[in-house]
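*Asks:* My questions will all concern the structure given below.
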Amino acid sequence: MIEWIFKIIWGLWLLFVFVAACRVYGFLGAKRRQMKRWGDGSRDQKAVALIIAVKGIDAKSTPRFFDSIFNQSYSNYRTIICFESWSDPIARWLCEQMDLSEKKPTWVSPEPGSGLQTVTLVAAGEAQNQGQKIHNQLAGFRELTPEDRLIVFADADIICDNQWLATLTAPINQGDYPLASTYRWLIPKSSSLANQFASVINASVTTQGDVTNVLWGGSMAISREAFDSLDVPALFTGSLNDDLRLAKAARKQKHKIAFVRSLILPTMIDFTWAKFFEFARRQYTQVRIFSPILYKGWNFLLLFYIVGLVSAILG
C-alpha cells in the first residue's frame, strides 16, 4: 500500500516537472507571438501618467534609471515622482538636476513635440496608517487629470530601455487588456549561494508567465477606466501593498492582466542568507494575505517537489 502511495507521489511529481518544463520551453514561443500581436507598442498610444514612488538615491543606478525614464520612445507621457519629504536625498538630487524646488515642483518640456510633457515632484509627508510607498502613490494620484488615460507604475530600481513604456502599455493601448505587467529577472552581483538560490526561485516564477495572473509593482499599467472602476485610491488607502492588492481587486471584477513576456526586467541582487530569508518572508507574507489561493497552490506544488525528491533519494 505504501509503495503505491509513493508511486502516485512520484508520478505527480514527474507530471508537475514535465508541465513546468513545457512552460519554460514554450516561453520564447509565447513571447514571439506577443511581439507579433502588439508590435513595438507604437500604435494607438494614449496619454500616460507615470507614477514613481521613490526613496533615497543610489549613485550608480538612480541617474541611469531616470535617464531612461525621461527618454522613453512614447508620444505623450508625463512623470509624477513621489517621495516622503523635500529633505530626501532623491528630492534634492532631482531639484538640482532639473532646476526645481518646493515652490517650483514641475518641469515643462520646452519642445512641444517631445514625448515627455512634464515632470512633477510631490512630497507626500510621513505615512501614518499605511506603507510609505502607498502613501507616496496616493499623493501622486491627487495630481492626475482627466487627460491621463493610462496610469503606469515603476520602481526606481528597475533597469529599462527607452521602449519600456511603449511595450508595457501596448496590450492596453490596443484594447486587448485593461491591465498589464511584467516581472523581474534577478541577476547576482556575486556568485554566492544565497544569490544563486534566489535567482533560481525567481526564475521559476517568471517563466511560468501568466499562470499566476498577478501584477508586479515594479512595472505595471492600468487603463483609466479600470483605475476608476476599481477606485484605486480608496483600494490603496491603509494598505502596505500595491500590486497584489490591485490584482486581487481586478480579478474580482473579472479584469484580465496581460503578462508582457518581452519585457522581463533585469534586477541586480546581492543577498546574504539573512537578507534572502527576510526578502522571502516578506514576499510570502504578502502573497498569503493578498492572494491566498496562489499561496496555497504554490505551497502544494512545493510540498510535492520536496516529498517526491526526498522519497526518491531515500528509496
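The values are calculated or read from the model by the stated rules, or taken from the named source; none is laboratory data. Predicted, not measured: the structure shown is a model, and the values here were computed from it. Backbone-built Cβ (ideal geometry, glycine too); neighbour counts: all protein chains shown. Note: areas computed on protein heavy atoms with side chains; ligands, DNA, RNA excluded. Shrake-Rupley method; radii C 1.70, N 1.55, O 1.52, S 1.80 Å.
*Asks:* Listed highest first by mean packing, meaning other Cβ atoms within 10 Å per residue, what order do 193-204, 235-246, 107-118 come in?
*Replies:* Per-residue mean Cβ counts within 10 Å order the peptides as 235-246, 193-204, 107-118.
*Asks:* What is the distance in Å between the Cα centroid of segment 28-62 and that of segment 161-224?
*Replies:* That distance is 10 Å.
*Asks:* For segment 46-115, with only Lys/Arg (+1) and Asp/Glu (-1) charged at the beta-carbon, what is the dipole magnitude about the Cα centre, in debye rounded to 20? Intermediate results must be reported in sequence, preceding the final value.
*Replies:* Values: 8 positive and 8 negative charges, 33 e Å.
Computed about the Cα centre, the dipole is about 160 debye.
*Asks:* Also: Scanning the chain for helices, which whole DSSP H stretches are 27 Å or more long along the axis (Cα) and average 0.0 or more by Kyte-Doolittle?
*Replies:* Details: long enough: 2-38 (52 Å, 0.65); 292-314 (32 Å, 1.65).
What comes out of the filter, once short or polar helices are dropped, is 2-38, 292-314.
*Asks:* Which residue fluctuates most in the GNM of the chain (Cα springs below 10 Å): Lys60, Lys248, Lys256?
*Replies:* Among Lys60, Lys248, Lys256, the largest GNM mean-square fluctuation belongs to Lys60.
*Asks:* Kindly work out what percent of the DSSP beta bridges joining two residues of the chain are antiparallel, to the nearest 5. Display every interim value, and only then the final one.
*Replies:* On the way: 11 of 36 bridges.
Of all bridge pairs located within the chain, approximately 30 percent are antiparallel.
*Asks:* Now for a separate question. Please tell me the relative contact order of the chain in percent, rounded to the nearest whole number, where contacts are Cα pairs under 8 Å and at least six residues apart.
*Replies:* On the way: 498 pairs, mean separation 70.0, N = 315.
This gives 22 percent for the chain.
*Asks:* Let me ask something else. Which one of Leu116, Tyr284, Leu165 has its Cα pushed farthest toward the positive end of the charge dipole of the chain, where Lys and Arg give +1 and Asp and Glu give -1 at the Cβ?
*Replies:* Value computed over the given set: Tyr284.
*Asks:* Here is a further query. Roughly how many percent of the accessible protein surface of the chain is carbon and sulfur, given a 1.4 Å probe and a whole-percent answer? Before the final figure, lay out the partial values.
*Replies:* On the way: 9910 of 16550 Å².
Reported share for carbon and sulfur atoms: 60 percent.
*Asks:* Placing unit charges on C-beta atoms (Lys and Arg positive, Asp and Glu negative, everything else neutral), compute the dipole magnitude of the chain about its Cα centre in debye, rounded to 20.
*Replies:* Numbers: 34 positive and 27 negative charges, 225 e Å.
Using only the charged Cβ atoms, the result is roughly 1080 debye.
*Asks:* Something else: Once R0 is set to 30 Å, what does the formula 1/(1 + (r/R0)^6) return for the Cβ-Cβ distance between Ala127 and Trp273, expressed as a FRET efficiency to the nearest 0.05? Working shown, then result.
*Replies:* Working: r = 30 Å, r/R0 = 1.00.
Taking R0 as 30 Å, the efficiency between Ala127 and Trp273 is 0.50.
*Asks:* Can you give the accessible area per residue of segment 169-246, in Å², using a 1.4 Å probe?
*Replies:* Working: 2890 Å² over 78 residues.
Heavy-atom SASA per residue in segment 169-246 reads 37 Å².
*Asks:* If the elastic network links every pair of Cα atoms under 10 Å, which of Thr145, Thr285, Thr267 fluctuates the most in the Gaussian network model of the chain?
*Replies:* Thr145
*Asks:* Label points 7 Å out from Cα along the Cβ direction at Asp88 and Arg32: separation in nm?
*Replies:* Modelled inter-label distance: 4.3 nm.
*Asks:* Where both partners of a DSSP beta bridge lie in segment 80-220, what percent of those bridges are antiparallel, to the nearest 5? Display every interim value, and only then the final one.
*Replies:* Details: 6 of 10 bridges.
Antiparallel: roughly 60 percent of the beta bridges in segment 80-220.
*Asks:* Before rounding to the nearest 500, sum -39500 (n - 2.57) across all DSSP H runs of length at least 4 in the chain and divide by the residue total; then give [θ] at 222 nm in deg cm²/dmol.
*Replies:* On the way: 11 runs with 152 residues, N = 315.
Value at 222 nm, helices only, nearest 500: -15500 deg cm²/dmol.
*Asks:* Once both labels are modelled 7 Å past Cα along the beta-carbon direction, what's the Ile187-Asp40 spacing in nm?
*Replies:* Label at Ile187, label at Asp40, 2.3 nm between them.
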